[in-house]
Each structure stands twice: as structure tokens, then as C-alpha cells.
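Structure first, then comments.
The values are calculated or read from the model by the stated rules, or taken from the named source; none is laboratory data. Computed from a prediction, not measured in an experiment: that's the story for all the values here. A quick note on method: Cβ atoms are made from the backbone with ideal geometry, for glycine too, and the neighbour counts reach across all protein chains shown. Each accessible area value is taken on the protein alone, full model and side chains, heavy atoms only, with ligands, DNA and RNA left out. Shrake-Rupley method; radii C 1.70, N 1.55, O 1.52, S 1.80 Å.
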Amino acid sequence: MNFTEDQIHRYSRHILLPELGGVGQARLLASRVLVVGAGGLGSPLILYLAAAGVGTIGIVDDDVVDLSNLQRQVLHDTPHIGMAKVDSAAARVAALNPDVRVNALGTRLNAGNARAIIRDYDLVADGSDNFATRFLVNDACRLEGRPLVSAAILRFEGQLSTWRADGPCYRCLFPEPPPPGEGPSCAEAGVLGAVAGTMGTLQATEVVKELLGLGETMAGRLLIYDALATSFRTVRVRRDPACPLCGDHPTITDVAGHGGG
């Protein structure tokens, strides 16, 4: 790829990294990443992917910007209250980096569209805020052979992992979604806004690493962050031979059983 002078200037700090260089930057510009959710996690994630020059970013979210979002969803601004989040996100990305194309998907992922949407991208980053969507995205990514970088936050804590087709999946950690209403949401339990920034930024880092094959992957590992203790710990996640999705005798062969995510 031949960079323009503006691109050489814009991405100079990337190009200076021997592990990345011009070849890596060209790969980022040719990459396609789907971000599920343009909220607390999706905000820093989308901003850093756009700043990094990820060439195509799909954003799927059917919500609109609300005043209560602005405490943590730094992608959106006060004048955008009432605007579709995907449109607000697209406007912010366009202002940040004109090299990046945004596919604004103002819809809800469900069993009928998830696999078709996901297969159009190289990698998926899940920043959704509910178990139904997390399980749907995990299953669709595994069935479509797409790597998944997933994060979650609540109160003062966050979790992060990468799920690849050749390793364990989310169901190896949590075989089934909890019953509806069993686990509190951020709207019910609250969340420190900066925790979303911490985890979304870590998520963006892992996405870039996966796209370029840099460093040690988070696949097979779960990162747990405790903001009150300022501590990180990592636990190993092994493939469960009895996993209904990626085990020795899988029983999940499609996403037909999922409701709306």
C-alpha cells in the first residue's frame, strides 16, 4: 500500500513501532471489525479503533443517546441526545479519521441476522450489556469462525477475554445464560464511568493485537479488573469437552434458539 503524506503523518507513531510498521498499518487499514454496542465499552473501543486506522468499523446498536449515557459513553455528546447511537458514532468517527468507513447498523442482533452480519467482518468486539446478546454473539462467532474480543463491566469491576475458533468459547466459562433478572444490569447496580474507559481501551488493544498477530493473545485467559483495589488478575479458561458449542459432541449447530439480543 502506498500511504499519502497525511497518512504517514497521522500514523507515524504506529509506523515507528518495529512490531507494527508500515506493513501493520496497511493491514489495519484493510481490516474490518464489527463492534456490538456503542455504549460504555463501545465508546472508547470505537474511538481507538478509528484513531488506529481500522479501515472499516461496523457498529450495531438500536438505541438512542440518553442523558444518563454521557457519564461514561464518551463517544456521544450532549447535542446528540435523542440521536441514534450509530449515527452519533458515525459522525464522531468521521470527524476523527476520514480514512475510516463506518457501517452504521441501527438494528438489534437476533438469531435471524447475527450470522449474516458477523460473517462480513474479520473480527468481532462485543461491548453489549446483557447476557442474551453475549451468548448470541459468542455462538454466531464460533459458528462463523470469527475471533471475538469480549468485555463486560459492572459497578467497579471489569472482565476481558478473547475467544478463538481453536480454543475455548464463552460457554466453556458460562455454559448457559442466567435466568432473566438474576444478574443486575448497570442501570440497576451502577457503574463507575472510568471503568468503562479502562476496559474498552484494553479491548481496543486486544483487537489490534489480534488483527496483527502481536504479543500474547488473551485467548484461553480471562482478565479480571477491580478498580477499587487497582488490581488485575488473570485466570486460565480451558476448553470444556462437554461444552454444547465447542465440545467433543456439540449440540448447538445454529443460533436459531436465541431470541433478540
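Below are the figures for this structure:
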read-out: One residue from V208, V235 being in contact (Cβ under 8 Å) with a residue 12 or more places away in the chain, open to solvent by 20 Å² or more (accessible area, probe 1.4 Å) and part of a strand (DSSP E or B); value: V235
read-out: Only listed residue being out of contact with any His (no Cβ under 8 Å at 6 or more places or on another chain) and free of Cβ contacts under 8 Å to residues at least 24 places away in the same chain, chosen from V23, V36, V54; value: V23
read-out: Search result, residues across region 99-136 that are under 20 Å from A26 (Cα atoms) and assigned to a loop (DSSP other than H, G, I, E, B); value: D99, V100, D120, Y121, D122
read-out: Meets criteria (of a type in the set (G, A, S), in contact (Cβ under 8 Å) with a residue 40 or more places away in the chain, more than 30 Å from L17 (Cα to Cα) and not in a loop (DSSP other than H, G, I, E, B)) for A140; value: yes
read-out: Residue among T201, T217 that is open to solvent by 10 Å² or more (accessible area, probe 1.4 Å), under 18 Å from the mean Cα position of the chain (by Cα), without any contact (Cβ under 8 Å) to a residue 60 or more places away in the chain and on the phi < 0 side of the Ramachandran plot; value: T217
read-out: Residue match in region 181-189 (condition: on the phi < 0 side of the Ramachandran plot and within 13 Å of the chain's Cα centre (by Cα)); value: no
read-out: Residues being open to solvent by less than 20 Å² (accessible area, probe 1.4 Å), part of a loop (DSSP other than H, G, I, E, B) and closer than 30 Å to A26 by Cα - total across region 62-91; value: 3
read-out: Output for region 143-158, where each listed residue is modelled with pLDDT of 95 or more, assigned to a strand (DSSP E or B) and not β-branched (V, I, T); value: L148, S150, A151, A152, E157, G158
read-out: Some residue of region 159-176 being among the hydrophobic types (A, V, I, L, M, F, W, C), part of a loop (DSSP other than H, G, I, E, B) and crowded, with 21+ Cβ neighbours inside 10 Å; value: yes
read-out: Search result, residues across region 105-129 that are open to solvent by 50 Å² or more (accessible area, probe 1.4 Å) and out of contact with any strand residue (DSSP E or B) (no Cβ under 9 Å at 6 or more places or on another chain); value: N110, G112, R115, A116, R119
